[in-house]
Amino acid sequence: MLVSDVQKILDAECICCENLIDTEINSACGSDMMSDVLAYVKDQSVLLTGLVNPQVVRTAEMMDMPCVVFVRGKKPDETIVALAKDRGIVLMSTPHRMFTACGLLYQNGLKGGCG
Amino acid sequence: MSEAVRLSYDVSADDFTHAGEASGAIKRTLKKLGIDMEIVRRVSIAVYEGEINMVIHANGGVIEAEISPTCIEIWLKDKGPGIKDIDLAMQEGYSTARDHIRALGFGAGMGLPNIKKYTDDMKIDTEIGVGTTVYMKVNFT
Ligand SMILES: Nc1ncnc2c1ncn2[C@@H]1O[C@H](COP(=O)(O)OP(=O)(O)O)[C@@H](O)[C@H]1O
Ligand SMILES: [Mg+2]
């Protein structure tokens with residue numbers, strides 16, 4: 001699946017790094033606890049989270065995650081967007097809640113990355 | 001790379017926005033040196049957890065790294081409160097972080113266990129009221 005597919009499936013708005021939406025995604029991880037995300041390494045994962053702060057982008061950076069999706073229509077501020085642009089991480093915002101967003105991706109064939 | 005590369009970064013106390021800058025810089029340096037991606041990721045996660053701990057549990061400090069052709073060694077030195085019971089602190093899920101830290105996505109008690117998991121060697125040197133040094137080493141082969 002591509003990051004662009006994630007965007008379509010989740011009716012998401014792309015906030016930055018639209019030029020990178022052709023990146024391949026193999027798994028997904030939904031969590032508001034960054035240490036839980038950091039505990040499970042999987043290749044090319046998308047991170048879904050309801051948490052909005054710079055550490056979400058840094059967690060994705062450390063994990064080589066190409067994309068972060070904020071659930072429930074949450075939008076990151078300028079500091080967060082600037083950081084994501086610098087690190088080349090696609091940020092998206094979906095109107096769906098966490099459970100629904102994860103379910104939609106799972107239903108479309110994406111598997112879990114969190115253990 | 002014949003000589004060791006030495007890096008040093010200041011970590012500010014309670015600066016949650018910039019926490020992770022040092023880890024990111026170390027990560028980029030390793031990438032530039034052409035170190036295997038999987039190893040770079042392991043190092044990044046371990047240092048990042050340690051850097052976050054310096055910000056949320058201690059009063060910031062200094063991160064020093066030494067990269068040789070065979071490994072990276074990192075020392076995270078703080079002048080924080082120290083750790084009373086290292087065995088307890090190393091347990092998965094053990095955390096003294098309060099709710100406002102948890103609301104930021106940390107304080108799950110997985111930091112030190114994660115560091116242990118991703119490194120080849122780890123040591124904690126701590127003294128109550130003086131500070132803590134977390135040492136970690138990751139081999140490149
Ligand atoms: N640098 C440090 N200085 C003082 N205490 C620390 C430090 N690092 C870790 N600790 C203590 O060890 C506990 C466990 O750390 P960790 O596994 O990273 O979990 P968390 O950071 O989620 O609480 C912390 O809650 C804290 O009490
Ligand atoms: Mg921690």
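The values are calculated or read from the model by the stated rules, or taken from the named source; none is laboratory data. All of these numbers come straight from a predicted model, not from anything done at the bench. Cβ placement follows ideal geometry from the backbone for every residue including glycine, while neighbour counts extend to all protein chains displayed. These accessible areas exclude ligands, DNA and RNA; they are computed on the full protein's heavy atoms, side chains included. Shrake-Rupley method; radii C 1.70, N 1.55, O 1.52, S 1.80 Å.
Step by step: find N for region A:3-112, compute 2.2 N^0.38 Å, then divide the Cα radius of gyration by it. What's the final number? List each step's numbers first, then the result.
Numbers: Rg = 12.0 Å, N = 110, 2.2 N^0.38 = 13.1 Å.
Output field value: 0.92.
Between chains A and B, what is the buried accessible area in Å², counting both sides, with a 1.4 Å probe and ligands, DNA and RNA left out, to the nearest 100?
Protein heavy atoms only, the A-B interface buries about 2100 Å².
Roughly how many debye, to the nearest 20, is the charge dipole of region B:1-49 about its Cα centre, given +1 on each Lys and Arg Cβ, -1 on each Asp and Glu Cβ, and no other charges?
Once rounded to the nearest 20, the dipole reads 300 debye.
With r defined as the distance between the Cβ atoms of B:I86 and A:K8 and R0 fixed at 51 Å, what FRET efficiency is calculated, to the nearest 0.05? Could the numbers behind the result be given before it?
Numbers: r = 49 Å, r/R0 = 0.96.
That pair, B:I86 with A:K8, gives E of 0.55.
Going by a 1.4 Å probe on protein heavy atoms, which residues of region B:93-110 end up with at least 10 Å² less accessible surface in the whole assembly than in their chain alone?
B:R102, B:A103, B:L104, B:G105, B:F106, B:A108, B:M110
Assigning unit charges at the beta carbon (Lys, Arg +1; Asp, Glu -1) and nothing else, what dipole magnitude in debye, to the nearest 20, does the protein assembly as shown show about its Cα centre? Walk me through the numbers on the way to the answer.
Numbers: 26 positive and 35 negative charges, 76 e Å.
Using Cβ point charges on Lys, Arg, Asp and Glu, the protein assembly as shown gives about 360 debye.
With θ set to phi - 60° and the Karplus curve 6.51 cos²θ - 1.76 cosθ + 1.60, what are the ³J(HN,Hα) couplings of region A:81-88 in order, to the nearest whole Hz, using x for Gly and Pro?
Values per residue, Gly and Pro as x: 5, 4, 4, 5, 4, 4, 8, x Hz.
For region A:3-112, which whole percent of the accessible surface, found with a 1.4 angstrom probe, sits on carbon and sulfur atoms?
48 percent
Rounded to whole Å and sorted largest first, list the principal axis extents of the Cα atoms in region A:72-115.
33, 21, 17
Would you mind working out the accessible area per residue for the protein assembly as shown, using a 1.4 Å probe, and quoting it in Å²?
Details: 11750 Å² over 256 residues.
Accessible area per residue: 46 Å².
All other residues with a Cβ under 15 Å from the Cβ of A:S27 taken together, and with Lys, Arg as +1 and Asp, Glu as -1, what is their net charge?
Spelling it out: positives minus negatives among the neighbours equals -2.
Please list, by residue number, every one of the trypsin sites (Lys or Arg not before Pro) in region B:83-136 that is coil in DSSP and has at most 15 other beta-carbon atoms within 10 Å.
When the trypsin sites (Lys or Arg not before Pro) of region B:83-136 are filtered for loop state and at most 15 Cβ neighbours within 10 Å, B:K84, B:R98 remain.
If eta is 1.002 mPa s and T is 20 °C, what Stokes-Einstein diffusion coefficient results for chain B, Kirkwood Rh from Cα pairs, in µm²/s? Provide the component values of the computation, followed by the final result.
Numbers: Rh = 15.1 Å.
Using the Kirkwood radius from Cα pairs, D works out to 142 µm²/s.
Residues in region B:1-25 near a label at B:T70, defined as backbone nitrogen under 17 Å from the 7 Å Cα→Cβ point?
Hits in region B:1-25 for B:T70 at 17 Å: B:1-5.
From the phi of every residue in region B:9-23, what ³J(HN,Hα) in whole Hz does the Karplus formula 6.51 cos²θ - 1.76 cosθ + 1.60 yield, where θ is phi - 60° and glycine or proline is x?
Rounded to whole hertz, the list is 9, 8, 10, 7, 6, 6, 9, 6, 5, 8, 4, x, 4, 5, 4.
As an exercise, identify the chymotrypsin sites (Phe, Trp or Tyr not before Pro) in region A:1-108 lying in DSSP coil whose Cβ has no more than 13 other Cβ atoms within 10 Å. Kindly include the intermediate steps, with their values, before the conclusion.
On the way: sites: A:Y40, A:F70, A:F99, A:Y106; in loops: A:Y40.
Within region A:1-108, no chymotrypsin sites (Phe, Trp or Tyr not before Pro) qualify (loop, at most 13 other Cβ atoms within 10 Å).
When only Cα pairs under 8 Å and 6 or more residues apart are kept, what is the percent relative contact order across chain A? Numbers along the way, then the final one.
Values: 238 pairs, mean separation 39.3, N = 115.
Rounded, it is 34 percent for chain A.
Quick query: amide H of A:I15 versus all other amide H atoms, modeled in the peptide plane; which residues come in under 5 Å with a sequence gap of 5 or more or a different chain?
Counting only residues 5 or more places away or on other chains, the set is A:L91, A:M92, A:S93.
Given the C-alpha atoms of the protein assembly as shown, compute the convex hull and give its volume per residue in Å³.
117 Å³
Under the definition of partner shielding as Cβ atoms of other protein chains within 10 Å of a residue Cβ, what is the mean value for peptide B:15-22?
3
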